[in-house]
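Chemist: Pasting a structure below so you can have a look.
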């Protein structure tokens, strides 16, 4: 372990929102994840004063379990974690544990560099044992790199990172101010919750993106939102917001995000309507989280 020369470590990790396909991802099917600004900040230091304390994570969280399993390696490190988000969600628990994976690599405790599915397989082992389906870990894959749009089809071991291709279409995430813990939701869910979704449009996302078919992308998002509603996988407050957004001039697609769509809404809209949508968000107490125009290449 490199302790003397590496007494300080820090990393920035993007937030995340499922643009489409979150429940299909539970079966390792195709989905699109938006890794976006603002970024989490995760740092570790080896202070000379051992009485100095850092942040701790819930012992049942992936980060808490990871820290406990490798306690001998991490016990002298003081962790600091900063979230720029107004509420939990947006990949916060994933960012917490990702920091430990990066720190372990930094300390040369393993020979393998960040490599998508290698870390993902280990991460999912920490999620086993609870009732309900195992989390997909797609957020873990998406948040390993820089902000962008990440198409993942884990069953096919496929992951691609894309730039926003649509000239006259904008995407945004608006936080509802409410939160349903994903692990709690999954424990109460059937292990087959994502098996009966139509995946055809999700599988065609690479072509939609490559050809910059804005109308097809909007249809994909709206159709998936309808499938969520038909399966009672939309929180009541989100359903009300989505109904208003779909009737809003210039909004072409809208769906919930997070467990039961409770945390946020993902929208596709005419960028000329940005100011009007900002007014709508203020009136509905929705907090803008991310915009497609902030995604870096």
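We did not get these values from a lab; they are worked out from the coordinates using the rules stated. Since the model is a prediction, treat every value here as computed from it, not as a measurement. Ideal geometry is used to build each Cβ from the backbone, glycine not excepted, and the neighbour counts take in all protein chains shown.
Chemist: Compute the Cα gyration tensor for the stretch 8-162, then decide on rounded, prolate or oblate, letting a ≥ b ≥ c be the square roots of its eigenvalues: rounded whenever a/c is under 1.5, prolate when a/b is larger than b/c in the other cases, and oblate in all that remain.
Modeler: Here the stretch 8-162 falls in the prolate category.
Chemist: Same structure, new question: When the Cα centres of the stretch 141-182 and the stretch 199-254 are compared, how far apart do they sit, in Å?
Modeler: 14 Å
Chemist: Of the peptides 278-291, 249-262, how do they stack up when ordered by the mean number of other Cβ atoms within 10 Å, highest first?
Modeler: Descending mean neighbour count gives 249-262, 278-291.
Chemist: If a/c stays under 1.5 just call it rounded; otherwise compare a/b with b/c (prolate if a/b is bigger, oblate if not). Do that for the stretch 170-294, with a ≥ b ≥ c from the square roots of the Cα gyration tensor eigenvalues.
Modeler: It is oblate, given that a/c is not under 1.5 and a/b is not larger than b/c.
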